[in-house]
Amino acid sequence: MATLIRSKLSNKLTNAATTVSNKSQAKVSGMFARMGFQAATDEEALGFAACDDLDYDHRQGMQMDILTTDEMGGEGSGDGDALEGDSHYQRDGTGPPHSASKDGGPTNELTEVRPKITAWEAGWNVTNAIQGMFVLGLPYAILHGGYLGLFLIIFAAVVCCYTGKILISCLYEEDEDGQLVRVRDSYVDIANACCAPRFPSLGGHVVNVAQIIELVMTCILYVVVSGNLMYNSFPSMPISQKSWAIIATAALLPCAFLKNLKAVSKFSLLCTMAHFVINVLVIAYCLSRARDWAWDKVKFYIDVKKFPISIGIIVFSYTSQIFLPSLEGNMQKPSEFHCMMNWTHIAACILKGLFALVAYLTWADATKEVITDNLPSTIRAVVNLFLVAKALLSYPLPFFAAVEVLEKSFFQDGGRAYFPDCYGGDGRLKSWGLTLRCSLVVFTLLMAIYVPHFALLMGLTGSLTGAGLCFLLPSLFHLKLLWRKLLWHQVFFDVAIFVIGGICSISGFIHSMEGLIEAFKYNIEE
């Protein structure tokens, strides 16, 4: 007995699984499984090494079945049961990646489970989503909305914070003991649950289409803003805005060969800090001209024709609902999600309102679509070059996400796929997969050339997909899935948000489309 105890202690300290009996191996491996580790074979470990980080969450999500199996065949069972449970754990290839030993036997190096994020880290992700470079269009929204535009910035923050919370509540259901249990994992799962049982996959298709539109439009906006900024930074050069857009797209063509985002993710923090510095510079310049602020230009009246476009601009600057389910599922303490949403949206509301108001007071009726174009030529070129670098480095993120959704929907949907897989057995991208990616890059260029209007495109996206994903669908799903448990004021809020969101979406979409059609005709005639 003492020998067995010493053997177990030795295994825990040295991880030498090959020096004990089969029974001890199974017990030690089962213990490591409970801790989130895995002792894999050489062949399995090589398979793990080939996996990309994008499927990590999927592998992690399957560990609950592993733990259940291990508990059923744990220490209270015989040798055969224990070994069977352990082999099931290894055979499925689930669990975190692991490196193997050269001799093909079990390895004694264990890889820890990747830690989940804190509430502060989750808040940083949400802040990056709603405080991006598209806030540069908010002063233009104040130009056409006045004080009502400022009110809309506050209203949109309150509504998006609320709809983010109710969207997460749709992920949970009560079990027999009255405890909340997470039964769904994504926005698509919620949509499918609402359309079941008659149309079990319709909701997911609607969300995917909206997501693709928003991601592609975001890519187009990055190309448009790059061409616009470069053209206004060097007006004396004989290069048109369309030509600058083509140059920017040429620099983005390598995105078609991306297999993962490791190459660009390391620049995300640098880009965010650079954008923060740019916002500070713009506000500092505006404060230096505080004596000349045109308070009398801020009115309560609105431009009926252009204000609906401003609504789309403001709504688009708050869009983050599409990734909130994944973010909440990866938090160490999901109970802190509501608090995190509160302070991130309060901070966003204050910063956006101040930025938009201060910038508009500085330039008043001369406010342009991208506010940095109003800066003096001495500093405009430097600021715009930083913004162009940020736009080009940010482009791969929505581009890769859009490609991934398209590939999974049309090329990798098992037997239901419409086209052959984009990847060969060796993991290399096939010709039609590369054609799809290049076509998407070219499409973003064509849209940027024929409709080079940042405000119109941003307003259209916000009115169409932003209002749908942030206002309409969350309130509708909340009413459909949880209406029996809602209080009367919650039902009232959901219905009000749905109606107001619908009106804003329709009016913004109509006016944005009118402007885009006119701009498209003008560019065709040119």
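Looking at region 501-524, is at least one residue acidic (D, E) and under 14 Å from L456 (Cβ atoms)?
So far as region 501-524 goes, yes, one or more of its residues are acidic (D, E) and under 14 Å from L456 (Cβ atoms).
Can you find, within region 207-262, the residue that is surrounded by the most Cβ atoms within 10 Å (Cβ to Cβ) among those that are under 16 Å from P396 (Cβ atoms) and of a type in the set (F, W, Y)?
Looking at residues that are under 16 Å from P396 (Cβ atoms) and of a type in the set (F, W, Y), I get Y222.
Name the residue that is nearest to P308 (Cα to Cα), counting only residues in region 454-484 that are surrounded by fewer than 21 Cβ atoms within 10 Å (Cβ to Cβ) and modelled with pLDDT under 85.
Taking the candidates together, the pick is W483.
Of everything in region 178-206, what is among the hydrophobic types (A, V, I, L, M, F, W, C), modelled with pLDDT of 90 or more and either part of a loop (DSSP other than H, G, I, E, B) or open to solvent by less than 10 Å² (accessible area, probe 1.4 Å) (or both)? Give them in sequence order.
V183, I190, A191
Tell me which helices (runs of 4 or more DSSP H) are completely within region 228-342 and hold 3 or more residues being touching a residue at least 12 places away in the same chain (Cβ under 8 Å) and of a type outside the set (G, A, S), or say none if there are none.
241-252, 268-288, 307-316, 324-329
The values are calculated or read from the model by the stated rules, or taken from the named source; none is laboratory data. Owing to the predicted nature of the structure, the values given are computational and were not obtained by experimental measurement. Using ideal geometry, Cβ is built from the backbone for each residue, glycine included, and neighbour counts are taken over all protein chains shown. Ligands, DNA and RNA are stripped out before the accessible areas are found, and what is left, the full protein with its side chains, is counted by its heavy atoms. Shrake-Rupley method; radii C 1.70, N 1.55, O 1.52, S 1.80 Å.
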